[in-house]
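Nothing in this text is a laboratory measurement; each read-out follows from the coordinates by a stated rule. Keep in mind the model is a prediction, meaning the values are calculated, not measured. All Cβ positions, glycine included, derive from the backbone under ideal geometry; neighbour counts span all protein chains shown.
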Amino acid sequence: MSGTKLTPVITEYWDDAKPWSIDSYRSHGGYSTLKQSLETDPDDVIATIKDSGLRGRGGAGFPTGMKWSFVPQNDGKPHYLVVNADESEPGACKDIPIMLANPHALIEGVIMTCHAIRAHHAFIYIRGEVPHPIRRVHQAVAEARAAGFIGKNILGTGIDLDVVVHGGAGAYICGEETALLDSLEGLRGQPRLKPPFPAVAGLYASPTVVNNVETITSVPYIIRNGVEWYRGFGTEKSPGFKVWAVSGHVRRPGIYEAPLGITMRELLDYAGGIREGHELKFWLPGGSSVPMLTADHLDTPLTYEDMVEAGSMLGTGTPMVFDETTSVVKAITRWLEFYKHESCGKCTPCREGTYWITGTLEKFQGGFGQEKEVDELVELCNQIMGRSFCALGDAAATPYPGALKYFRSEFTDALTQPPDDLFSPSATMVIPSPAGVAG
Amino acid sequence: MSISEQTLAESRELAGRYPKARSGIVPMLHLMQAEVGMVNSDVIEACAEILDISTAEVVAVATFYTMYRMRTEGGEHHIGVCVNTGCGLLGGDALYEALAVKLGVGHNETTPDGKFTLERIECQAACTHAPVLTVDWEFFDHSTIAEAMDVIDRLTAGEEVLPTRGPAVRGWRAAERTVAGLDDGLADEGGGVDELMLAGLKVAKAAESGVDGTVKK
Ligand SMILES: Cc1cc2nc3c(=O)[nH]c(=O)nc-3n(C[C@H](O)[C@H](O)[C@H](O)COP(=O)(O)O)c2cc1C
Ligand code: SF4
Ligand code: FES
């Protein structure tokens, strides 16, 4: 064993000259077992993914093989695969790098998944604000088509598949799978009532699997190397590896691929630790929609189950790290402004609630709040939690109670002293402050 | 100004990519916006006609998404500054303020010469590279204020400007065509895999070759 816990699999050849090219991917084994996989019984492919224990990387960690098995068979309807490449959760920054550097692993995953769920049509829904990843995925589809991996009668197997790359137009809610489907049908991107779940009635009311970019990108590696190999990484309930994206006040922010079950202390160490002369204040395991944690949780394994136990969630597995210069009040107010802006307005608890929370937090900072409101705001969040139409409402109700649990005094301090007086904004910055700029 | 025949033909091609044409509305709006500079009544009518739906239905869709400009034309270059927590507090707020002063405009406003539109944007899925500036939606990662000022000066002078990850910027309208799904032939340009994306791989490779890659403090 080498001395590192890092396990570059998806990221293994990103230092190639053009890792995004089909030649580069093929030189590392890409597409080598595609034909064999397409000749395997689809149910066996589903069984392999089930046995591997792969869980969705979009945030909820739902078992992927199980999701695929919900698609009814021989129902006479077309089936669809929709790849969720909307990556817009604050803090999440792993799918965009994957599409920039390794789009062919995603495409091979799409082909294998479509075979498993008996779909002949796949869509890759990429958020609109990222032209470069959009170019790379379009090119990967074109290269795969030219190589005979997409189109009619793939590799002589009799299987037909069409893949459409679709750019969005700016709306976080379109990452929610049913809103994404409405958006893809050409409607306003608002969530649908569940059930029926997409696996039964999804795109154009037909059975549809919606999976995250990283989930689908993991598939070809599992198919090529087998269940036992995959389960050699991670833990019993959270097997495998993932692409961790560590951001914030660390010396070397970036992409670190490692098994689930690694700890934040270890990831922090690889990322060079907290920036010079500072110490950790709080961190979030995966996106702004999961509760924050502190230094007390650095040794908790980063798995779906352990993060819940610790009072948070693994979410997108893209840890954001903040040091002692950061105002918790400002940090979460900014997230709440985001949820307010992105609330689709379909249901009252979220539409009105996000305004109330944001307004109250701004009132605190403006010196107009009262101490009892610090607790009343928790009550308001509780009213939103579980009563919203989709998980965006729950997400919006998460940051404040989570922050209050560890940093209550900061909210009461804000009643009398603006956060900018207590926490110098330039101290939080990682670039030279305006005063340091000549001219 | 009505929509050109070429754009109408390309719009029909976009709609034809889907099992149901209406799915093409979001890309079509990007494409027509690239020609007109905004989503105006010409765009709305052209979309409605191609998809055989009412103009009210097109408006309902277009107003839902933030990338469509419903009121004013966008400038030649779109300047975005991420002000979500991960960037805003780490320098994005200061970047935005400096750019607003330099350009003399506020959020979603365009300079009088039509050159720049400034926008406070949300998380760009590049938090590892905070604070993030975008020009025509290409990444200018970990941008300092001095670098942002230089980018504006060079664009004003008509010089070539390279993002940190992506091809040289070509203007907002060209980017809108790319987002719509038209091939611009630039997929191989502009690298895109930088040191931060290789951070873990480097440590792992160093460890494998016997050099201890973990950090000594
Ligand atoms: C507001 C909101 C935004 C979401 N955004 C994304 C996203 O950008 N990407 C993603 O994969 N999942 C996102 N999800 C989760 C999806 O609804 C869905 O669970 C996921 O795509 C399923 O894929 P997985 O099983 O592979 O994780 C979001 C959920 C909500 C409620
Ligand atoms: S919870 Fe928010 S985003 Fe979800 S349906 Fe309700 S208003 Fe829309
Ligand atoms: S917070 Fe700016 S890119 Fe994520």
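What to note about this one:
- Taking A:Phe338, A:Phe389 and counting other C-beta atoms within 10 Å, the order from fewest to most: A:Phe389, A:Phe338
- Largest GNM mean-square fluctuation across A:Gly186, A:Gly234, A:Gly148, computed for chain A with C-alpha springs under 10 Å, falls on A:Gly186.
- Projecting the Cα atoms of A:Leu314, A:Leu180, A:Tyr230 onto the charge dipole of the protein assembly as shown, computed from C-beta unit charges around the Cα centre, puts A:Tyr230 farthest toward the positive end.
- Hits among aspartates and glutamates - C-alpha to C-alpha of A:Lys194 under 20 Å, sequence gap 8 or more where chains match: A:Glu176, A:Glu177, A:Asp182, A:Glu185, A:Asp394
- Counted over all Cα-Cα pairs of the range B:77-179, pairs farther apart than 16 Å make up 51 percent.
- Largest mean-square fluctuation among A:Pro131, A:Pro103, A:Pro401, in a Gaussian network model of chain A whose springs join Cα atoms under 10 Å apart, belongs to A:Pro131.
- Close amide H pairs (under 5 Å, H built 1.01 Å from N) link A:Thr208 with A:Tyr80, A:Ala199, A:Val200, A:Ala201, A:Gly202, A:Leu203, residues at least 5 positions away or on another chain.
- For A:Ile124, the residues 5 or more places off, or on other chains, whose built amide H falls under 5 Å of its own are A:Val83, A:Val164, A:Val165, A:His166.
- Among the GluC sites (Glu not before Pro) in the range B:98-195, those placed in a DSSP loop whose Cβ has at most 16 other Cβ atoms within 10 Å are B:Glu159, B:Glu160, B:Glu189, B:Glu195.
- Note on A:Asp41 and A:Arg265: their simple-model spin labels are 4.8 nm apart, each label 7 Å out from Cα toward Cβ.
- HN-Hα J in Hz across the range B:192-206 - Karplus 6.51, -1.76, 1.60, θ = phi - 60°, x for Gly and Pro: x, 10, 9, 4, 5, 6, 9, 3, x, 4, 4, 4, 5, 5, 4
- Per residue, chain B reaches -11500 deg cm²/dmol at 222 nm when only DSSP H runs of four or more residues are counted, each adding -39500 (n - 2.57).
- Three semi-axes of the equivalent ellipsoid, chain B, Cα gyration tensor, whole Å, largest first: 36, 22, 15
- Cα-centre dipole for chain B with unit charges at Cβ (Lys and Arg positive, Asp and Glu negative), debye to 20: 640
- Cα-projected label distance for B:Glu5 with B:Ala168, points at 7 Å along beta-carbon direction, nm: 3.3
- Label zone at B:Asp42 (point 7 Å along Cα-to-Cβ), backbone N below 16 Å, the range B:151-176: B:173
- The range A:171-190 versus the range A:100-132: alpha-carbon centroid distance in Å: 17
- Couplings 3J(HN,Hα) for the range A:251-258, derived from phi with the Karplus relation 6.51 cos²θ - 1.76 cosθ + 1.60 (θ = phi - 60°), are 5, 10, x, x, 9, 10, 8, 7 Hz, where x marks Gly and Pro.
- Positive end of the dipole of the protein assembly as shown (Cβ unit charges, origin at the Cα centre): among A:Ser218, A:Ile10, A:Pro434, the Cα lying farthest that way belongs to A:Ser218.
- Whole-angstrom gap from the range A:261-317 to the range A:14-90, using each part's C-alpha centre: 28
- Comparing A:Val165, A:Gly148, A:Tyr31 along the charge dipole axis of chain A, the residue lying farthest to the positive side is A:Gly148, per the Cβ-charge model.
- Lys, Arg +1 and Asp, Glu -1 on Cβ, resulting dipole of the range B:77-179 about Cα centre, debye, nearest 20: 200
- Gain on full stretching of the segment that runs from A:Phe70 to A:Lys363 - 0.36 nm per residue minus C-alpha separation: 100.7 nm
- Pair A:Lys152, A:Leu193: separation of 7 Å Cα→Cβ label points (nm): 4.3
- When only alpha carbons of the protein assembly as shown are considered, Rg and Dmax amount to 23.7, 73 Å.
- Note on A:Asp421 and A:Ser433: the extension gain reaches 2.7 nm, defined as 0.36 nm multiplied by sequence separation minus the Cα-Cα distance.
- Estimated from helices alone, the mean residue ellipticity of chain A at 222 nm is -12000 deg cm²/dmol (sum of -39500 (n - 2.57) over DSSP H runs with n ≥ 4, per residue).
- Placed amide H near A:Phe241: partners under 5 Å, 5+ positions off or other chain: A:Leu260
- Its alpha carbons give the range A:1-105 an Rg and a Dmax of 16.4, 53 Å.
- Residues A:Glu279 and B:Ala60, FRET efficiency given R0 of 45 Å [Cβ-Cβ distance, rounded to 0.05]: 0.35
- Mean-position separation - Cα centroids, the range A:152-170 and the range B:59-115, in angstrom: 35
- Cα gyration tensor category, rounded, prolate or oblate, for the range B:5-64 with a/c compared to 1.5: oblate
- Computed 3J(HN,Hα) for the range B:59-66, one whole-Hz value per residue from the Karplus formula 6.51 cos²θ - 1.76 cosθ + 1.60 where θ = phi - 60°, is 4, 4, 6, 4, 6, 6, 9, 6, glycine and proline marked x.
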